[in-house]
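Below is one structure, written out as structure tokens, with a few remarks after it.
The values are calculated or read from the model by the stated rules, or taken from the named source; none is laboratory data. Computed from a prediction, not measured in an experiment: that's the story for all the values here. Don't worry about glycine lacking a Cβ; one is built from the backbone with ideal geometry, like all the others, and counts go over all protein chains shown. Heads up: the accessible areas ignore ligands, DNA and RNA and are worked out on the full protein's heavy atoms, side chains in. Shrake-Rupley method; radii C 1.70, N 1.55, O 1.52, S 1.80 Å.
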Amino acid sequence: MLGKIVSYECTDSGAVLRGEDFYIYIDFFDKDMANIAVSREERPALSQAVTSYREEARPVVQKDDGHIDITAGSFSLRVFTEDGTMEIKDDKGLLLKGIEPEISDDGKYCLVDIREGEHFYGLGEKTGSLDKRGGRYTMWNTDLYDTHTEGTDALYESYPFYIGFNRNGSFGIYLDNTYRTYFDMGKSDPDRVRFGAEKGPLSFFFIYGKDIKDVVAGYTRLAGKMDMPPLWALGYQQSRYSYYPQDKVIALAKRFREEDIPADVIYLDIHYMDGFRVFTFDRDRFPDPRAMIDELDKLGFKVVTIIDPGVKADGSYSVFAEGLKNHYYITDENGLPFTGKVWPGLTCLPDFSRQEVKDWWGDKHREFIDMGIAGIWNDMNEPAVMDSPSRTAPEDAVHHSDNGPIRHEEFHNVYALNMAMATKDALMKYRPGERTFILTRAAFSGIQRYAAMWTGDNRSYWEHLRLSVPMLLNVGLSGEPFCGADIGGFTDDCTEELLIRWMQLGVLYPFCRNHNGLESKDQEPWAYGEKTEGIIREYIKLRYSLLPYMYCLFHEANTTGMPVMRPLIMEYSDDENCAELSDEFMLGDRILAAPVLQQGKRVRDVYLPQGRWIDWWTGEEYEGGSYYLADAPLERMPLFAKAGCIIPMARPMNSTAERMTVELHIFPGEDASNCVYYEDDGHSLRYKDGEYNLYRIKTINISGGADIDIEKLHTGYNGQKRYRVVLKGQADIGRVQVNGQAVPHEVCGEDAIVDIEI
Ligand code: MIG
């Protein structure tokens with residue numbers, strides 16, 4: 001227990017409660033969200049995960065016998081003056097009781113009563129299943145050298161944010177502390193969550209939400225949303241540790257075209273560098289990188305290069321020498337540069353806690369950007385150090401931050417976040433007006449504003465195929481929609497069947513990249529002969545045909561913070577059967593995927609939530625609210641479209657460098673089909689100035705006919721004018737009307753087709 005509250009003071013956005021030897025700072029950021037900070041001193045500062053977002057909430061503060069109530073609209077926070085414990089009410093009554101903050105010698109933490117039938121989601125990149133109840137999780141960015149299993153805790157990224165969900169309502173808690181923090185989700189005490197840290201502030205946000213979507217919307221108002229990605233970054237990407245020399249990279253690109261496999265990006269891993277020195281090219285392996293990039297560009301490929309933070313400690317290497325001269329590196333307690341072993345041998349680590357260092361680092365990208373390198377891949381940015389017992393910089397290493405010196409233990413979790421900030425600034429500066437693409441391994445909450453993430457060194461194991469689903473779902477719920485796992489697995493050897501199943505799933509990852517380890521067997525799409533290649537080709541083509549839909553989902557992520565890949569419970573919050581499903585997911589709100597995650601399986605049990613569902617491959621209809629056994633021969637991943645939906649799809653293309661031609665596919669249903677369609681130029685920042693189109697498309701099926709209504713919510717982009725509309729399975733339709741006008745239709749197989757102009 002904290003102790004007695006002795007007095008309080010109202011502020012514009014909340015109140016400051018004074019206890020005998022502590023303060024509780026309560027600050028509403030909007031009517032759904034309050035920061036609660038408990039401290040013996042002044043109010044702790046907010047971390048970089050928190051944006052400048054704020055909306056006037058003007059909470060009302062009322063003191064009554066034994067408690068103080070602070071109400072801003074959607075919820076009311078009650079603090080008991082006897083002991084400083086709290087509870088929260090919404091308009092339905094008590095939502096959450098037993099919120100008990102504590103600051104004592106053994107750390108700072110908060111206990112939160114677990115509600116009946118509660119499920120926990122979020123917590124970012126964690127192993128295990130979707131629902132985090134019963135586990136204990138540590139937030140400490142970690143390059144796990146050995147492999148991870150179900151029991152592994154800390155991985156590369158830290159998102160100290162979770163969602164509590166049950167039938168009575170949802171909420172989110174974001175702990176704004178960059179030190180090592182923990183979340184005990186009812187493991188030590190089945191009745192309570194305990195989150196906290198040994199060090200750093202006990203400052204958390206309570207985010208109210210009617211449902212999970214509402215909580216994610218609130219959280220991403222606070223921690224920010226991703227910008228629109230360049231369209232090419234949604235294409236298929238090929239990587240390996242490492243593709244070189246130059247000729248082989250070109251040959252790889254040509255092979256994709258010869259094999260008729262769409263692809264957009266090739267990655268250059270560390271062997272492109274001269275002795276692993278960042279910002280250099282090995283000129284024997286890559287005699288003319290610019291010419292290579294130009295040639296790849298003609299083939300419709302972009303190049304992304306890896307950039308690690310460790311700068312080789314080599315006096316004759318100019319980047320190192322500059323950094324040394326200007327004191328740009330993390331130091332030890334005595335102010336001497338900290339050195340640690342990474343790929344290049346002994347290295348120093350840039351101190352991204354200082355703007356001057358970030359600017360310097362950013363500028364180092366200039367030559368690469370000028371050369372035409374399209375995106376930057378940040379690895380080893382936990383930061384990983386091989387010869388240190390903690391496998392990172394020591395906790396007492398010093399960052400000379402803009403606010404004075406701080407210990408590494410405070411900056412560790414935001415090291416990669418700041419590196420991504422520096423990189424994004426550089427990309428914006430040297431390629432003005434263009435969207436950026438950064439891929440990162442380590443991260444902290446808020447990373448979505450700067451980078452896409454991938455889940456680091458998985459292995460070519462069926463377990464890792466399986467665990468990628470709940471892991472990515474929870475990353476998405478933690479505010480980072482642009483996420484993926486290495487398709488095929490990084491270390492160890494993939495097998496034919498595993499590659500097929502992983503490609504089938506992977507083409508639906510928001511970030512879709514096949515990446516492979518140094519000594520692992522090849523796993524490019526053609527690695528296992530024609531039959532397998534044929535299956536993989538079909539699925540990569542599926543990805544490309546879904547790009548317009550995905551792009552709309554990214555627009556949603558950009559405007560509302562919603563993840564692209566979603567757990568079923570997010571869309572069907574009344575359906576308890578969905579609450580713990582870790583092996584199915586939704587792509588947006590309209591497509592349900594049930595990937596095959598086990599070797600040798602040729603059927604797959606699928607739960608379909610309420611409503612009607614249309615088998616993607618056969619067109620057969622299913623009634624939801626039941627389990628089915630779906631056929632899943634090797635060449636098929638069970639996939640369903642929601643009956644009564646519109647999915648914008650693209651005609652076949654080799655890469656996004658070709659013009660995307662969009663068709664509207666309508667899957668009929670009893671209710672009206674709705675879709676909000678978004679389009680823009682796919683590469684520039686002009687969408688921020690209104691250069692985009694947003695259409696609401698609605699279809700109603702009435703006895704033997706279909707009425708399509710198109711409402712222009714926003715027009716500002718000179719985009720596609722003619723659209724083919726495919727009325728799936730409706731060959732026998734009588735008539736079609738668009739905005740009240742009859743239009744002629746044709747029959748094409750099972751479908752009816754009309755061409756319309758928008
Ligand atoms: O493991 O740069 O996770 O994707 O290929 C060595 C080489 C360091 C780790 C990354 C992996 C990358 C590899 N890197």
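Just name the residue that is nearest to the ligand (Cβ to nearest atom) out of those in region 307-331 that are touching a residue at least 24 places away in the same chain (Cβ under 8 Å) and loosely packed, with under 15 Cβ neighbours inside 10 Å.
Here is the first cut: in region 307-331, the residues touching a residue at least 24 places away in the same chain (Cβ under 8 Å) are 307-314, 317, 319-320, 322-324, 326-328, 330-331.
Among the residues that remain, those that are also loosely packed, with under 15 Cβ neighbours inside 10 Å are: 322, 326-327.
Working: E322: 24, N326: 27, H327: 28 Å.
The selected residue is E322.
For G729, are the conditions met, namely being in contact (Cβ under 8 Å) with a residue 24 or more places away in the chain, assigned to a loop (DSSP other than H, G, I, E, B) and either of a type in the set (K, R) or surrounded by 18 or more Cβ atoms within 10 Å (Cβ to Cβ) (or both)? So that I can check it myself, show each step before the final result.
Working: in contact (Cβ under 8 Å) with a residue 24 or more places away in the chain: yes; assigned to a loop (DSSP other than H, G, I, E, B): yes; either of a type in the set (K, R) or surrounded by 18 or more Cβ atoms within 10 Å (Cβ to Cβ) (or both): yes.
Criteria met by G729.
Pick out, from region 621-709, the strands (runs of 3 or more DSSP E) lying fully within it that include 1 or more residues that are of a type in the set (S, T, Y). Walk me through it before giving the result.
On the way: elements: 621-623, 626-631, 639-642, 645-650, 662-667, 673-679, 693-702.
Here the list reads 621-623, 626-631, 673-679, 693-702.
Taking only region 472-505 into account, find how many residues are small (G, A, S), touching a strand residue (DSSP E or B) at 6+ places or on another chain (Cβ under 6 Å) and away from the ligand (no atom under 15 Å from the Cβ). Walk me through how you get there before you give the answer.
First, pick out the residues of region 472-505 that are small (G, A, S): 476, 478-479, 484-485, 488-489.
Now narrow it down to the ones that are touching a strand residue (DSSP E or B) at 6+ places or on another chain (Cβ under 6 Å): 476, 478, 484, 488-489.
After this cut, where a residue has to be away from the ligand (no atom under 15 Å from the Cβ) as well, the list is 476, 478.
Matching residues across region 472-505 total 2.
Across region 262-278, which residue is least open to solvent (accessible area, probe 1.4 Å) among those that are farther than 15 Å from Y243 by Cα and within 15 Å of the ligand (Cβ to nearest atom)? First the steps, then the outcome.
Going residue by residue through region 262-278, those that are farther than 15 Å from Y243 by Cα are 262-264, 275, 277-278.
Restricting the remaining residues to those that are within 15 Å of the ligand (Cβ to nearest atom) gives 275, 277-278.
Numbers: G275: 37, R277: 45, V278: 1 Å².
Per the stated criteria, the residue is V278.
If only one of E519, E556, E530 is within 15 Å of the ligand (Cβ to nearest atom), over 20 Å from L439 (Cβ atoms) and open to solvent by 10 Å² or more (accessible area, probe 1.4 Å), which one is it?
Numbers: E556 fails: within 15 Å of the ligand (Cβ to nearest atom); E530 fails: within 15 Å of the ligand (Cβ to nearest atom).
Being within 15 Å of the ligand (Cβ to nearest atom), over 20 Å from L439 (Cβ atoms) and open to solvent by 10 Å² or more (accessible area, probe 1.4 Å) holds for just one of E519, E556, E530, which is E519.
What is the one condition in (1) within 16 Å of the ligand (Cβ to nearest atom); (2) of a type outside the set (K, R); (3) open to solvent by less than 20 Å² (accessible area, probe 1.4 Å) that S158 does not satisfy?
Looking at each condition in turn, S158 falls short on (1).
Find the residue count for region 542-579, including only residues that are under 15 Å from the mean Cα position of the chain (by Cα) and in a helix (DSSP H, G or I).
We begin by selecting, within region 542-579, every residue under 15 Å from the mean Cα position of the chain (by Cα); these are 550-551, 553-567.
Add one more test, that the residue is in a helix (DSSP H, G or I), and what stays is 550-551, 553-560.
Total satisfying the criteria: 10.
So which of D631, D605, D583 is within 26 Å of P668 (Cβ to Cβ) and touching a residue at least 12 places away in the same chain (Cβ under 8 Å)?
On the way: D605 fails: within 26 Å of P668 (Cβ to Cβ); D583 fails: within 26 Å of P668 (Cβ to Cβ).
After applying the criteria, what remains is D631.
Mind telling me which of the residues G117, G164 ends up being farther than 30 Å from T491 by Cα, modelled with pLDDT of 95 or more and surrounded by fewer than 24 Cβ atoms within 10 Å (Cβ to Cβ)?
Just a single option satisfies the conditions, and that option is G117.
Just checking, how many residues over region 332-349 are more than 16 Å from the ligand (Cβ to nearest atom) and out of contact with any helix residue (DSSP H, G or I) (no Cβ under 8 Å at 6 or more places or on another chain)? So that I can check it myself, show each step before the final result.
Of the residues in region 332-349, the ones more than 16 Å from the ligand (Cβ to nearest atom) are 332-339, 346, 348.
In the following step, the residues that additionally are out of contact with any helix residue (DSSP H, G or I) (no Cβ under 8 Å at 6 or more places or on another chain) were identified as 332-336, 338-339, 346.
Of the residues in region 332-349, 8 are more than 16 Å from the ligand (Cβ to nearest atom) and out of contact with any helix residue (DSSP H, G or I) (no Cβ under 8 Å at 6 or more places or on another chain).
Yes or no, residue by residue, for (1) under 22 Å from V398 (Cα atoms); (2) more than 16 Å from the ligand (Cβ to nearest atom):
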{"residue": "A416", "(1), (2)": "yes, no"}
{"residue": "M419", "(1), (2)": "yes, no"}
{"residue": "K424", "(1), (2)": "no, yes"}
{"residue": "Y430", "(1), (2)": "no, yes"}
{"residue": "G433", "(1), (2)": "no, yes"}
{"residue": "T436", "(1), (2)": "no, yes"}
{"residue": "S445", "(1), (2)": "no, yes"}
{"residue": "A452", "(1), (2)": "no, no"}
{"residue": "S460", "(1), (2)": "no, no"}
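Checking M380 against (1) surrounded by fewer than 23 Cβ atoms within 10 Å (Cβ to Cβ); (2) not in a helix (DSSP H, G or I): exactly one of these is not met. Which one?
Of everything listed in (1) surrounded by fewer than 23 Cβ atoms within 10 Å (Cβ to Cβ); (2) not in a helix (DSSP H, G or I), M380 misses just condition (1).
Name the residue that is most open to solvent (accessible area, probe 1.4 Å), counting only residues in region 232-251 that are more than 16 Å from the ligand (Cβ to nearest atom) and either assigned to a loop (DSSP other than H, G, I, E, B) or without any contact (Cβ under 8 Å) to a residue 24 or more places away in the chain (or both).
K248
Any idea which of E746, E750 is open to solvent by 70 Å² or more (accessible area, probe 1.4 Å) and touching a residue at least 60 places away in the same chain (Cβ under 8 Å)? Give the derivation first.
Numbers: E746 fails: touching a residue at least 60 places away in the same chain (Cβ under 8 Å).
Answer to the check: E750.
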